[in-house]
Amino acid sequence: MAVPTASAETRAVDVFLQYLRAEGVRHVFGIPGGLSYPFFEAVERAADLELVVAKHEQGAAFMADGYARQSGRLAVCAGTGGPGSTNLLTGVACAYADGVPLLVVTGQAARDALGTGAARETPREDIDIVAMFAPITKYSAMVTSPETLSHHLRRALRRALTGRPGPVHLNVPVDLWERRLGETWYAPRTYRPVTHAVDRASVAAAGDALLDAQRPVLLVGAGVAIARAHDEVRALAALVDARVATTPRAKGVFPEDDPRSLGVFGIAGHVAARETLLGGRVDVLAALGASLDETTTFDGNSALQPARSLIQLDIDPDRIGRTNPVDVALVGDARAILGELVTYVRHAIERGRAPRSQWAAEPPPPRGDARYEDPALRSSDAVPLTPQRWRAELREVLPENAVVYSDIGGHMLFNLHHLEVRAGQSFVLNLGFGSMGHGTVAPIGAALAAPDRPVIAIVGDACFTMNGMELLTAAEYDVPVIWIVENDYMHGVTWHGRAAIGSCPESFRYRRRVDIAPLAAAMGLPVSLVGRPGTIKRALAEALARKGPSVIEVLVDGRSCSLAGFIRR
Ligand SMILES: Cc1ncc(C[n+]2csc(CCOP(=O)(O)OP(=O)(O)O)c2C)c(N)n1
């Protein structure tokens, strides 16, 4: 890439954008305002960058998050000073919890006005915006001079994209962007090392344990998805004949139609995974990119401890051994380490060492309806629909390369349990921070990052009403997300949670029904209503054929099926 020569005409913002381009950035998500105007104007003028103006800054952060998750690259969101910055916080926290690389740019009052009571200023002495972002980013700083802008930016990019990825935040006083700079631009390889250290002794210990295991199980976590190590996991499972479960957040990272798949282990998981992992017969368990947190382990369940060896791989040493003591720790990038592990095991087998897995002598994990709780509800003809029924039907029409997003709520539990994510498809949810609205809005970013893949969001009615105004953004920019809004006219998960402990407060039900289809139609999206068995297939086929944003509202009887069994097992 050509290095732009510094000239007396180069502005700070031009250098800034050049760094972003070199990191592969093509979209900036945000809402312009007076304290960040020069930044947004420069983005808008740049022919090779698209400014996506959201309806709420939280939406901009969610979209950037979806873009980064899908592309595996840095994504950028930005807001003006004051509330334009604080509105970003929840979205940035989601990215931080799930290890998603974002650059967050916020506006600030001009340096000579800072601290004087300038409109929407947020200096250190007052509403300290840098401090607010600090605990939810890997770097949060105010840039105090044009000369140090590139220094802060390189440092921020290095942190966002090195080790466990995550968001970084730069707060920039408005007068600084247009200042002239006489400085050189540096290519990413000069400030952002891409090195993958692999500890060979630990790889050998893990390989030996897996080769000698009689009942090896791999528990695949979201770290495998971040590292794009799907193929390495499949190769390892085949070589040592391991059975494979995923954490809820990694659903589908190992294909659920693979004969070795046990499905999801953890909240709303599958019987086969639960009985295998907690059944006391697993001798070697390899937790790969899985931090073994509450949604996976049910409070650090000691029954998860395998008889002989717990192997844990994570890029962040702080996540190793948090809940369960490990025998072999593999610290580093999942793809690099699993690549080495596969090579080690393959060479050992080529040299005559036979894997000792006994799984082949046992019945395979259940398939079809036998995999699920309440299988009868998957074929129920009830009207309103059961949440199980329409999901069972969806399986037949879900495109083979679909990206499925879930939001947070009871529908998430049904998505985790009753959808099957097959090879080529992917499933995404922000279970780390668990914010409602993420699964409604992040798919807009995902669809921009992957125009060749159908992106489908399965969300609840309350998630939709919380952040659904961003459908206007999708309509404006013609982003082809299909929203399936499951309407039970209440905060279903909360209602069921309370019902499980014996009280059903009516406050979780709406005083007034909210119909989603007319809302979406008013936003300019084509809509369809699904209320009967057998109708989701056609609705989805029509939505896919439109190749633009659209909404399918599915009416379900939320109270008829208890979610309590999903929440704790
Ligand atoms: C921002 C935020 N507020 C509150 C919650 C707590 N919460 C989790 S799910 C939920 C209700 C979701 O309702 P809905 O979208 O209708 O889905 P359902 O449970 O009915 O399927 C609430 C209030 C949350 N996770 N995030």
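Checking each residue in the range 435-457 for being near the ligand (Cβ under 9 Å from one of its atoms) and among the aliphatic types (A, V, I, L, M) picks out only Met436. Looking at the structure I just gave you, is Ala307 crowded, with 22+ Cβ neighbours inside 10 Å and either out of contact with any helix residue (DSSP H, G or I) (no Cβ under 6 Å at 6 or more places or on another chain) or under 29 Å from His411 (Cβ atoms) (or both)? Considered against the rule, which asks whether it is crowded, with 22+ Cβ neighbours inside 10 Å and either out of contact with any helix residue (DSSP H, G or I) (no Cβ under 6 Å at 6 or more places or on another chain) or under 29 Å from His411 (Cβ atoms) (or both), Ala307 comes out as no. Among the residues making up the range 310-322, those that are of a type outside the set (Lys, Arg) and surrounded by 17 or more Cβ atoms within 10 Å (Cβ to Cβ) are Leu310, Ile311, Gln312, Leu313, Asp314, Ile315, Ile320. For the range 458-504, the set of residues classified as within 20 Å of Ser528 (Cα to Cα), in contact with a Ser or Thr (Cβ under 7 Å, 6 or more places away or on another chain) and within 8 Å of the ligand (Cβ to nearest atom) consists of Val459, Cys463, Phe464, listed by residue number. Just one of the numbered conditions (1) assigned to a loop (DSSP other than H, G, I, E, B); (2) at pLDDT 95 or above; (3) not charged (D, E, K, R) is not true of Ile458: (1).
Report yes if some residue within the range 251-262 is of a type outside the set (Phe, Trp, Tyr), touching a Lys or Arg at 6+ places or on another chain (Cβ under 9 Å) and not in a loop (DSSP other than H, G, I, E, B); otherwise report no. Checked the range 251-262: at least one residue is of a type outside the set (Phe, Trp, Tyr), touching a Lys or Arg at 6+ places or on another chain (Cβ under 9 Å) and not in a loop (DSSP other than H, G, I, E, B). The residue of the range 505-537 that is nearest to Asp381 (Cα to Cα), among those that are more than 12 Å from the ligand (Cβ to nearest atom) and among the β-branched types (Val, Ile, Thr), is Thr535.
Let's see how each residue does on (1) farther than 25 Å from Ala329 by Cβ; (2) hydrophobic (A, V, I, L, M, F, W, C):
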{"position": "Ala235", "(1), (2)": "no, yes"}
{"position": "Arg243", "(1), (2)": "no, no"}
{"position": "Pro248", "(1), (2)": "no, no"}
{"position": "Ser261", "(1), (2)": "yes, no"}
{"position": "Thr276", "(1), (2)": "no, no"}
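With respect to Thr343, is the statement that it is more than 24 Å from the chain's Cα centre (by Cα), within 16 Å of the ligand (Cβ to nearest atom) and of a type in the set (S, T, N, Q) true? It is false that Thr343 is more than 24 Å from the chain's Cα centre (by Cα), within 16 Å of the ligand (Cβ to nearest atom) and of a type in the set (S, T, N, Q).
Based on what the data block shows, is Leu540 at pLDDT 90 or above, more than 14 Å from the ligand (Cβ to nearest atom) and either in contact with a strand residue (DSSP E or B) (Cβ under 7 Å, 6 or more places away or on another chain) or within 16 Å of Pro443 (Cβ to Cβ) (or both)? Yes. Among the residues here, Ala46 qualifies as more than 28 Å from the chain's Cα centre (by Cα) and surrounded by fewer than 24 Cβ atoms within 10 Å (Cβ to Cβ). The residue that is farthest from Ala68 (Cα to Cα), among those in the range 409-434 that are within 11 Å of the ligand (Cβ to nearest atom) and either surrounded by fewer than 24 Cβ atoms within 10 Å (Cβ to Cβ) or without any contact (Cβ under 8 Å) to a residue 40 or more places away in the chain (or both), is Leu413.
Just so you know, in the range 116-133 the residues that are free of Cβ contacts under 8 Å to residues at least 24 places away in the same chain and surrounded by 14 or more Cβ atoms within 10 Å (Cβ to Cβ) include one that is farthest from Gly34 (Cα to Cα), and it is Asp128.
The values are calculated or read from the model by the stated rules, or taken from the named source; none is laboratory data. All figures in this text were calculated on a predicted structure; none of them were measured in a lab. Positions of Cβ are generated from backbone atoms using ideal geometry, with glycine treated the same way; all protein chains shown enter the neighbour counts.
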